[in-house]
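Below is one structure, written out as structure tokens; the observations come after it.
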Amino acid sequence: MVRRFAHSQSVADLCVTLAQCHGMDMHRAYVAGILHDICKEWDKQRLACWLKALDPDKLNEAAAIWHGYVGASYISKGLGIHDKAIRTAIYHHVVGSGSTKLAMILYISDKLDPSRGYECSSTLALCKQNLRQGYEQVKREQQEYLKKEKGIIHES
Ligand SMILES: [Fe+2]
Ligand SMILES: [Fe+2]
């Protein structure tokens, strides 16, 4: 729980930095970052229950993605935050399926979160300079990482 909060704080800070670089609303960026994993600690059953009511087709997707869909709804229904840009960014943050600037910023910040402790300075520099190109770069790196992870699982 403490680790999750530290991650969310760190993601929120990076969201603000990137929003500043690209002339966007920093407050909105902070809120998206701090709340993006609000439902990540929920158990699978609770997430499934919400998703069943929201969009049952999504239950066919990997359970690891669900907290984004449910989180977007929960901040509205549970916390009274109805900002469409924030909800959209949270909805898409797990797989990077969003195309709005805030969705790109949140996806990047989640994946490059400095508290994860790996070297990503050149990718981050690109994200600060060119949001679209940086976002595509982070997505490529993420796909490569997941491929490697799969390889490791197959080998063992
Ligand atoms: Fe997440
Ligand atoms: Fe996250």
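Structure data summary
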{"item": "M1-S97 pseudo-label distance in nm [points 7 Å out on the Cα-to-Cβ vector]", "result": "3.1 nm"}
{"item": "Residue-by-residue Karplus 3J(HN,Hα) for region 121-126, coefficients 6.51, -1.76, 1.60, Hz, glycine and proline x", "result": "4, 6, 5, 5, 4, 5"}
{"item": "Extension gain, A63 back to E149 (0.36 nm per residue minus Cα-Cα distance, nm)", "result": "29.2 nm"}
{"item": "Of every Cα-Cα pair in the chain, the percent that sits beyond 29 Å", "result": "16 percent"}
{"item": "Unsatisfied cross-links (Cα-Cα over 24 Å) in the set K77/K128; K77/K111; K58/K111", "result": "K77/K128; K77/K111"}
{"item": "Net +/- balance of residues flanking G33 in space, Cβ distance below 9 Å, scoring K and R +1, D and E -1", "result": "-2"}
{"item": "Computed FRET value (nearest 0.05) for D43 with Q9, which takes r as the C-beta separation and R₀ as 22 Å", "result": "0.40"}
{"item": "Förster radius 22 Å - calculated FRET efficiency between E141 and H27, Cβ distance, rounded to 0.05", "result": "0.15"}
{"item": "The chain, relative contact order in percent, only Cα pairs under 8 angstrom and at least six apart counted", "result": "22 percent"}
{"item": "Restricting region 58-156 to GluC sites (Glu not before Pro) in coil, as DSSP defines it, with at most 16 other Cβ within 10 Å", "result": "E61, E119"}
{"item": "Charge context of G134, other residues only, Cβ under 14 angstrom, K/R +1, D/E -1", "result": "+3"}
{"item": "Positive minus negative residues near V2 (Lys, Arg vs Asp, Glu; Cβ under 14 Å)", "result": "+1"}
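Read-outs throughout are calculated quantities, based only on the coordinates presented, and are distinct from any laboratory measurement. From a predicted model like this one, the values you see are computed outputs, not experimental measurements. Neighbour counts run over all protein chains shown; Cβ positions are idealised from the backbone, glycine included.
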